[in-house]
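> Sharing a structure with you now.
The values are calculated or read from the model by the stated rules, or taken from the named source; none is laboratory data. Keep in mind that this is a model prediction, so the values were computed, not measured. Here Cβ is always computed from backbone atoms with ideal geometry, including for glycine, and neighbour counts include all displayed protein chains.
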Amino acid sequence: MSAVRVDAQRDWSALMVPTQPVWDAPHEPWHDSYSPGVPPGIDFQPLRVEQLLLKAADTFPDRIAVRYFAAAWSYQKLLDQVQRVAAHLSASGIRAGDRVMLVLPNCLEFVALWFGLHWIGAEVVPANPLLSAPELAALAKKCHVKAVAGIDVRLKNVAEMTRIANVPLLIVASLSPYLPLYMRLPYQLQKLRQGRCRVTPETRVIKFHELVEGGVRIENPLLRDVDQPAVLQPTGGTTGTPKVAVLTHRNLCANVAQLHVWCGMKPGVETFLSVLPFFHIYGATCAMLSPLAGGSTLLLQARFDASRTLALLQKWKATTALLVPFMMASLNEEMRRKGTRLQHLKICMSGASPLSSQVAKEFQALTGAAIAEGFGLSEASPVTHSNPMDGSGKIGSIGLPLPNTEVRIVDLETGRRDVAAGEVGELIVRGPQIMRGYLDDPAETAIALRDGWLFTGDLVRADANGFFQIVDRKKDMLKSGGLNVYPTEVEHVVLQHPAVARCAVVGEADPKYGEVVVAWVVLKPHATLSTEELREFCRHELASYKLPKIVRLCESLPENFLGKVRRVELRGRAA
């Protein structure tokens with residue numbers, strides 16, 4: 001097998017100075033035939049995340065770090081803004097170890113606050129701006145946050161949260177200064193429509209621009225401890241009650257180094273599309289921290305819009321795009337509609353949900369970019385696997401483990417026995433990017449982390465060349481008549497029916513079989529479909545116990561912000 005080879009001795013001095021391994025365990029194959037051509041590991045000096053920015057600014061001071069509408073901040077300006085933010089936050093009472101919630105879309109303020117907080121040793125709690133006030137308050141209470149930052153056009157829930165959770169400091173950011181003139185009036189109207197935002201007299205309100213005024217700066221980061229928590233990442237929202245993964249500076253910087261070596265990014269050269277939300281660790285690590293660490297230029301977008309994203313990619317000749325499958329499919333449609341291609345795009349990385357071969361092949365044909373589907377989870381900072389960048393990857397596979405990442409596939413009953421090659425089992429991983437544990441939740445931590453291994457809850461199989469394929473989530477697997485049914489396998493077949501646009505499969509309780517297969521289906525416009533028609537269509541591809549017993553037609557499927565179907569909500573509807 002031809003696979004990407006990484007050079008452990010390559011000079012990454014712009015990123016971090018190679019000294020000693022932060023992970024002493026060897027990179028073990030999961031079975032004897034595993035041979036991806038990756039050396040045993042990479043040696044690098046563990047750093048704190050703010051030191052990555054400091055090194056990049058020292059090396060590429062005049063290069064544009066971030067573009068956002070009319071604004072373009074060089075690395076020197078970004079560093080200056082971070083130092084000013086750090087000084088004002090410190091003067092406002094934020095100390096090392098304090099936790100601050102960022103309820104922000106992708107914007108310049110998010111980047112400045114993220115690094116500014118780490119600059120003084122504070123911990124970041126990212127949160128989706130679409131969450132309700134009670135949801136935000138529950139997270140704030142769980143994490144004991146000392147301050148929160150919100151965007152002025154979605155401030156009502158954040159302000160209400162400060163009252164519920166007694167948060168003493170509110171930082172208000174605004175996109176208005178960076179918008180072109182034709183967008184400012186609609187923006188102000190949106191701000192007015194949300195109504196008045198009230199906080200208690202005990203909550204101090206600061207506008208972001210006040211944090212960067214004056215000449216006061218903290219020149220150098222205050223801490224050196226790489227094992228201090230950096231990010232308290234909410235997770236688990238698609239499968240059950242959200243938990244909070246504690247990710248350290250060592251975790252995040254390790255994942256950055258793994259990604260740089262694996263992807264072969266050229267320091268000070270790349271231009272990244274950064275549309276993945278930074279409040280999720282996929283966006284924070286892969287679309288913000290990793291490219292900034294390598295001196296890349298970030299093309300920020302607050303939300304995904306296919307037409308605007310395509311224009312942005314074309315205007316600035318982006319070389320790398322990090323997407324989720326629905327974004328890639330939308331860009332395919334937009335390129336077809338406009339008859340355009342993306343000639344400068346070299347790499348497109350996909351994650352969060354399975355990438356269909358049809359979408360991947362069309363995107364590759366329209367761009368010429370190498371497409372690398374990968375895999376990760378919040379508890380792993382997040383990336384553990386990726387397809388190689390040399391064209392030897394496999395569509396439908398999540399690829400190979402990153403350097404310094406050990407993997408095993410274990411049986412579902414005990415979690416101790418390695419399964420045979422080609423068999424389905426639970427993926428468990430070990431490496432320097434794995435979280436410390438769940439915040440104040442020893443019971444859940446003990447379930448997820450056992451003997452140093454993270455039990456991912458994902459069911460996988462691997463081929464003889466070591467390429468991994470996700471079969472399903474362990475929690476999503478259902479048993480019908482005592483036999484295992486993997487929803488993703490059924491969905492793949494259902495989606496081939498010409499009348500079906502979207503599909504999600506779950507189990508529904510049944511007194512005879514224990515569970516039966518239920519297909520929630522979104523039909524294409526003007527199409528009709530019955531249960532028997534769908535069963536007959538699937539009969540040639542699926543065993544009888546896997547056939548959908550019930551077909552429920554719906555107008556849309558419940559999804560999270562990354563386009564991942566919330567099966568837990570569908571199971572709730574059935575119940």
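> Would you check if there is a residue in region 406-418 being of a type in the set (Gly, Ala, Ser), surrounded by 17 or more Cβ atoms within 10 Å (Cβ to Cβ), more than 24 Å from Trp262 (Cβ to Cβ) and in the same structural domain as Leu322 (by TED's automatic domain parsing)?
Scanning region 406-418, I find no residue that is of a type in the set (Gly, Ala, Ser), surrounded by 17 or more Cβ atoms within 10 Å (Cβ to Cβ), more than 24 Å from Trp262 (Cβ to Cβ) and in the same structural domain as Leu322 (by TED's automatic domain parsing), so the answer is no.
> Quick check on Asp32: is it modelled with pLDDT under 95, surrounded by fewer than 24 Cβ atoms within 10 Å (Cβ to Cβ) and among the charged types (D, E, K, R)?
yes
> Same structure again: Can you give me the number of residues within region 184-240 that are of a type in the set (Phe, Trp, Tyr) and either over 28 Å from the mean Cα position of the chain (by Cα) or over 17 Å from Met101 (Cβ atoms) (or both)?
1
> Residues that are closer than 20 Å to Leu131 by Cβ and either of a type outside the set (A, V, I, L, M) or modelled with pLDDT under 90 (or both), at least 3 per element: which strands (runs of 3 or more DSSP E) completely within region 183-258 meet that?
Working: elements: 204-207, 229-235, 243-248.
Filter on region 183-258 gives 229-235.
> Something else about it: Among residues belonging to region 170-182 that are of a type outside the set (Gly, Ala, Ser) and assigned to a loop (DSSP other than H, G, I, E, B), point out the one that is surrounded by the most Cβ atoms within 10 Å (Cβ to Cβ).
Leu175
> Would you say Glu109 is at pLDDT 95 or above and touching a His at 6+ places or on another chain (Cβ under 7 Å)?
In short, no.
> Tell me which strands (runs of 3 or more DSSP E) are completely within region 68-131 and hold 3 or more residues being over 27 Å from Trp316 (Cβ atoms) and in contact (Cβ under 8 Å) with a residue 24 or more places away in the chain, or say none if there are none.
Those strands (runs of 3 or more DSSP E) span 99-103, 123-126.
> State all residues of region 294-310 that are hydrophobic (A, V, I, L, M, F, W, C) and modelled with pLDDT of 95 or more; if no residue qualifies, say none.
Result: Leu298, Leu299, Leu300, Leu310.
> Scan region 512-560 for residues that are surrounded by fewer than 14 Cβ atoms within 10 Å (Cβ to Cβ) and within 29 Å of the chain's Cα centre (by Cα) and jot them down.
Glu555, Ser556
> I'd like to verify a number: residues in region 285-314 that are out of contact with any Gly (no Cβ under 7 Å at 6 or more places or on another chain) and within 21 Å of Phe60 (Cβ to Cβ), how many?
Number of matching residues: 15.
> Would you pick out the residues in region 394-413 that are among the hydroxyl-bearing types (Ser, Thr, Tyr) and either within 28 Å of Gln358 (Cβ to Cβ) or at pLDDT below 90 (or both)?
Initial filter on region 394-413 (among the hydroxyl-bearing types (Ser, Thr, Tyr)): 397, 405.
Across region 394-413, the qualifying residue is only Ser397.
> Considering only region 513-542, state which residues are over 11 Å from Ala499 (Cα atoms) and either without any contact (Cβ under 8 Å) to a residue 24 or more places away in the chain or in contact with an Asp or Glu (Cβ under 6 Å, 6 or more places away or on another chain) (or both).
Val516, Val518, Thr531, Glu532, Arg535, Glu536, Arg539, His540
> Something else: Mind telling me which of the residues Ala71, Ala91 ends up being over 23 Å from Leu222 (Cα atoms), at pLDDT 90 or above and of a type in the set (A, V, I, L, M, F, W, C)?
Of Ala71, Ala91, the one residue that is over 23 Å from Leu222 (Cα atoms), at pLDDT 90 or above and of a type in the set (A, V, I, L, M, F, W, C) is Ala71.
> Which one of Val167, Val261 is closer than 30 Å to Gly399 by Cβ, crowded, with 20+ Cβ neighbours inside 10 Å and either at pLDDT below 95 or not assigned by TED's automatic domain parsing to the domain that holds Asn560 (or both)?
Val261
> In the list Ala543, Ala504, Ala509, Ala519, which residue meets the criterion of being small (Gly, Ala, Ser) and touching a Phe, Trp or Tyr at 6+ places or on another chain (Cβ under 9 Å)?
Details: Ala543 fails: touching a Phe, Trp or Tyr at 6+ places or on another chain (Cβ under 9 Å); Ala509 fails: touching a Phe, Trp or Tyr at 6+ places or on another chain (Cβ under 9 Å); Ala519 fails: touching a Phe, Trp or Tyr at 6+ places or on another chain (Cβ under 9 Å).
From the options Ala543, Ala504, Ala509, Ala519, the qualifying one is Ala504.
> Can you tell me which residues in region 57-112 are charged (D, E, K, R) and within 26 Å of Ala133 (Cα to Cα)?
Arg95, Asp98, Arg99, Glu109
> Another one. Since Leu342 meets every condition but one in (1) touching a strand residue (DSSP E or B) at 6+ places or on another chain (Cβ under 8 Å); (2) modelled with pLDDT under 95, which condition does it not meet?
Among (1) touching a strand residue (DSSP E or B) at 6+ places or on another chain (Cβ under 8 Å); (2) modelled with pLDDT under 95, Leu342 violates only (1).
> Next question, about the same structure. So Gly457 ticks every box in (1) in contact (Cβ under 8 Å) with a residue 60 or more places away in the chain; (2) of a type outside the set (Phe, Trp, Tyr); (3) crowded, with 22+ Cβ neighbours inside 10 Å; (4) under 26 Å from Cys253 (Cβ atoms) but one. Which box is left unticked?
(3)
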